[in-house]
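Visitor: Can you keep this structure in mind? I'll have questions shortly.
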Amino acid sequence: MVFSSTAFLFLFLPLFLAGYFVMPAKYRSGWILAGSWFYYGWWRVDFLLLLVATSIWAWFVGTRIVAARAEDQGNAARNWKRVGVAIPLLVLGYFKYFNFGIDTVSELASVFGGRSISAWHVILPVGISFYTFQIISYIVDVHRGTVPAGRGLVDVAAYVSLFPQLVAGPIVRYKEIAYQFQSRDHGWDTFVSGVRRFMVGLARKVLIADAVAPIANAMFAASDPSLAAAWLGTLAYAVQIYFDFAAYSDMAIGLGRMLGFRLPENFNMPYRSGSITEFWRRWHMTLSAWLRDYLYIPLGGNRLGAGRTLVNLMTVMVLGGLWHGAAWSFVVWGTWHGIWLIGERLLFRDRAARMRSIPYRIVTLLAILVSWVVFRAESLGGAWDILAGLVGVNGFALEPSLAWQFSTGGLVALAVGLLVSVFEPTVLRLVRRQINEPESQARGVGAVAGVVVSLLFLLSVLRVVASSYSPFLYFRF
């Protein structure tokens, strides 16, 4: 059950909201927890059991840390933190990297004349990368004393399982939301702003991301694509992944507001970045901040000298690549971004103004597009073929075998997506402000924005009803 499905739009969400608002305030956290567990269990009950177990573990470890601190047992508190973090990491490692590890060892054995290794196949639970990071941040922050432990198991489990952002972010830290479990805004304006933000997200997903997906899929499935095909497919995937993931974040933030929660923003026009450093401040912002605060800084950050700083940057980006997926292509993707971050730190530390210029933005966008090829390709060999196509090695004209798969609607959606993602700031930022903050709307602009958003939502619903199942791209991470 995804947000852009009839089951969610016409069954789960209306029933959940109806139950939530008739529920006395003191029982609403329990209702959120029950609804979130039902939503997650819709995929597989055994995945739900894993989520429940890890949520209970997070709550239990938090209580142990607080108890140890109360008894002035600093070592015990640190040990509980270490064990508390290690267990969910081991769980994540097993489910996400077991298959990758077996395949890698088997390939190495074959290279050296040994026998290939076979083992059972592990299925990756939906959203485990996201809720594991939330559990780790909760345990670490409780140990640091930057946030009190949850008032009870229900609040902690509801935080870990909060269905709007459970399976694909934003990655929410407990300290950002803890007080909201005690008191939050259920005003009409907040609810309406949430509904409109959800509508915008649905339109991003259904009208843009899903519309350009066939172009990207056709090109990435082709062998030796021409220059025209490679560029069309690469741009299509850049638009698809941005609008697909931004759509989920918009819908998550909108659903959160319907329930009175203020979830953190996750995107800020990333394709307008003038450097890869800036890109990571704008793309998947909650992941970037998490990696900085819970990995980069604990590794030493920039406090241990220039050489160590560069090592830390590369370590964070390689691990960030592996977080996205268990394949060597993700390692290469993370390494590529790490190389750019290191290069910018060495060459452009004092050139922030120049890096905001058009030439730097073009170079940055090209670096991003190259990275998306590696990210999307089925293998490193496939990525190399597409990169060769981008420079014309495989010819220039669009192949007839691909051209028939590129519909007019998909090409129009691609053009609109490119314009919005690159040139969004002025008009669309104004409209977005009106959508997000209806209490501050000027009547005319607000009314126009409301009509536009409503029409886009209606088109999106019609598309959802007429189309097949289309999961969000980040579900597989």
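The values are calculated or read from the model by the stated rules, or taken from the named source; none is laboratory data. Since we're looking at a predicted model, the values are computed, not measured. For neighbour counting, all protein chains shown are included, and Cβ atoms are generated from backbone atoms with ideal geometry for every residue, glycine included.
Visitor: Only residues that are surrounded by fewer than 14 Cβ atoms within 10 Å (Cβ to Cβ) and modelled with pLDDT of 90 or more: list them for segment 413-428, please.
Guide: Ala415
Visitor: Only one residue in Val212, Val200, Val206 is crowded, with 21+ Cβ neighbours inside 10 Å and touching an Asp or Glu at 6+ places or on another chain (Cβ under 6 Å), so which one is that?
Guide: Val200
Visitor: In addition: Would you check if there is a residue in segment 178-190 being within 13 Å of Ala252 (Cβ to Cβ) and touching a residue at least 24 places away in the same chain (Cβ under 8 Å)?
Guide: no
Visitor: Exactly one condition in (1) of a type outside the set (Val, Ile, Thr); (2) free of Cβ contacts under 8 Å to residues at least 12 places away in the same chain; (3) under 24 Å from Pro270 (Cβ atoms) is false for Arg361; which is it?
Guide: Looking at each condition in turn, Arg361 falls short on (2).
Visitor: Where in segment 245-331 are the helices (runs of 4 or more DSSP H), entirely inside, with at least 2 residues that are of a type in the set (D, E, K, R)?
Guide: 276-282
Visitor: Looking at Phe12, is it touching a Pro at 6+ places or on another chain (Cβ under 9 Å), of a type in the set (A, V, I, L, M, F, W, C) and either part of a helix (DSSP H, G or I) or loosely packed, with under 14 Cβ neighbours inside 10 Å (or both)?
Guide: no
Visitor: Same structure, new question: Only one residue in Val195, Val167 is assigned by TED's automatic domain parsing to the domain that holds Tyr248 and either more than 23 Å from the chain's Cα centre (by Cα) or not polar (S, T, N, Q) (or both), so which one is that?
Guide: Being assigned by TED's automatic domain parsing to the domain that holds Tyr248 and either more than 23 Å from the chain's Cα centre (by Cα) or not polar (S, T, N, Q) (or both) holds for just one of Val195, Val167, which is Val195.
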